[in-house]
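Derivation of every value follows stated rules applied to the coordinates shown; laboratory data play no part. No experiment lies behind these values; they were computed from the predicted model shown. Positions of Cβ are backbone-derived with ideal geometry, glycine not excepted, and every protein chain shown enters the neighbour counts.
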Amino acid sequence: MPKPPTVVPLARPLGESLARDDSLSNLLARVRASQARLDALADVLPGLLRQHLRAGPLDDDGWTILAANSAVASKLRHLLPTLAETLVAKGWQATSIRVKVQSTLAPSR
């Protein structure tokens, strides 16, 4: 006698799954807040520099911006006072900004 077919539950969108779990929804909120901070800096970041940056972790100790290489990270570090002032002026709470190199970043399109 053949086995009845196995029923596979319908997959849920990732966003829905994240929203249903408290710890995962907190993670999703931090990811969105991190990206929103980077978006808020768009007008003070040179265009060519911006395409080599990604929003990194946002935690209790501060916020991290990920740079594609050390040259981008160096330039970004020179801009940190301006970036911090811009975030505060746009209503974000003052926090430390860290810059880390993540060489696997591909330029955004």
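Counting only alpha carbon atoms, the long axis of helix 70-89 and the longest principal axis of the chain meet at about 90°. Exposure proxy for Ile97, Ile65: other Cβ atoms within 10 Å of each Cβ, ordered fewest to most, give Ile97, Ile65. Each residue in Trp92, Trp63 was given a count of other beta-carbon atoms within 10 angstrom of its own, and listing them fewest first yields Trp92, Trp63.
Remark: His78, His52 ranked as His78, His52, counting other beta-carbon atoms within 10 Å and listing the fewest first.
Within straight-line reach of Lys100, meaning a Cα separation under 28 Å, sit the following lysines at least 8 residues removed in sequence or on another chain: Lys75, Lys90. Calculated mean residue ellipticity, 222 nm, the chain: -14500 deg cm²/dmol, from DSSP H runs (n ≥ 4) at -39500 (n - 2.57) each, averaged per residue and rounded to 500. So what's the angle, to the nearest 10 degrees on a 0 to 90 scale, between helix 22-40 and the longest Cα principal axis of the chain? Compared with the principal axis, the helix lies near 40 degrees.
Each Lys and Arg Cβ is given +1 and each Asp and Glu Cβ -1; about its Cα centre, the stretch 7-109 then shows a dipole of about 360 debye.
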